Amino acid sequence: MLYIKDIREDKNLTQDDMVEKTGIPKRSYVSYENGEADIQLSKLRKIASVLDVTISELVENSKSDKKVIKSNDNKNDNFNDTKPNVKEKLSSIAETRSEYDAIIRKLKFADNVNLSEQGAPFYPLPVSAGTVSELHKEKYEATGFISMPGVSCKAYFPVIGCSFSDIIKPGDIIGIDFIDKWERLDPDCIYFIITHDQRMIKRLQDHPEDPEKLLCISPNYRDFPIWKSEIKVIHKVVFYGRLV
């Protein structure tokens, strides 16, 4: 869930004000605010700029420590729910050689990240379509660390798209594990895919006619093919849940 409407109303702005200031067509803006359509990172950045907040504040409703409830736990109480230990700590990032080395190494080799003691870092990079230049303009330091018993992740990210609703909803977070070899993919698993210009979560299976392609599958969109050569990185989604 995005908190565009809540923040807009707190700042006494109308939808028409936002349309005028962002240049986004009203129909599109309303659909973004209501969570009825996926929003491009560039448009999300325009909205954040007008509201004078960060993108992570549009995705996260609170900067305080948060409770994570697994998606199959419907009890919003204090019993038998898994509570993360979120430690607010920024990590410095090593410089790298190429654009994608820069992005991926920020996830894998952030300084002072000890997964066994501090949990997995949370990065405020929304899982949605976005260009490499947008990735570099966005804040990509870890803003906290999440540790949950029985959940082994290497990193967490917020979700803003609707392609996997009602399995993974806007406002959820995903936890990912790194994959070194992905020649044999499990069609029942969900993957976090990074191409040259997109970040998305999909199920994958071999293309029935072309061995150089994969089929990208999600509940709410038509299947589409993608060249294997276009895929820069694949991570496996091993957790999804809600920040409440």
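The values are calculated or read from the model by the stated rules, or taken from the named source; none is laboratory data. From a predicted model like this one, the values you see are computed outputs, not experimental measurements. Because the Cβ atoms are built from the backbone with ideal geometry, glycine has one as well, and the counts that use them run over all protein chains shown.
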(message) I need a count of the residues in the range 6-60 that are closer than 15 Å to Pro126 by Cα, among the hydroxyl-bearing types (Ser, Thr, Tyr) and in a loop (DSSP other than H, G, I, E, B).
(response) 1
(message) Which numbered condition in (1) at negative phi; (2) touching a residue at least 40 places away in the same chain (Cβ under 8 Å); (3) not polar (S, T, N, Q) is the only one that Ile24 fails?
(response) (2)
(request) Name the residue, out of Leu243, Leu214, Leu204, Leu185, that is crowded, with 16+ Cβ neighbours inside 10 Å, over 12 Å from the mean Cα position of the chain (by Cα) and modelled with pLDDT under 80. (result) Leu243
(request) Would you mention how many residues in the range 189-229 are farther than 20 Å from Lys169 by Cβ and part of a loop (DSSP other than H, G, I, E, B)? (result) 8
(request) For the range 1-47, name all the residues that are out of contact with any Leu (no Cβ under 9 Å at 6 or more places or on another chain), among the basic types (Lys, Arg) and more than 19 Å from Ser163 (Cα to Cα). (result) Lys5, Lys26, Arg27, Arg45, Lys46
(message) The conditions are (1) within 28 Å of Arg45 (Cβ to Cβ); (2) of a type outside the set (Phe, Trp, Tyr); (3) in contact (Cβ under 8 Å) with a residue 40 or more places away in the chain, and Thr195 fails exactly one of them. Which is it?
(response) (3)
(request) Scan (1) surrounded by 19 or more Cβ atoms within 10 Å (Cβ to Cβ); (2) among the small types (Gly, Ala, Ser); (3) modelled with pLDDT of 60 or more for the single condition Ser147 breaks and write down its number. (result) (1)
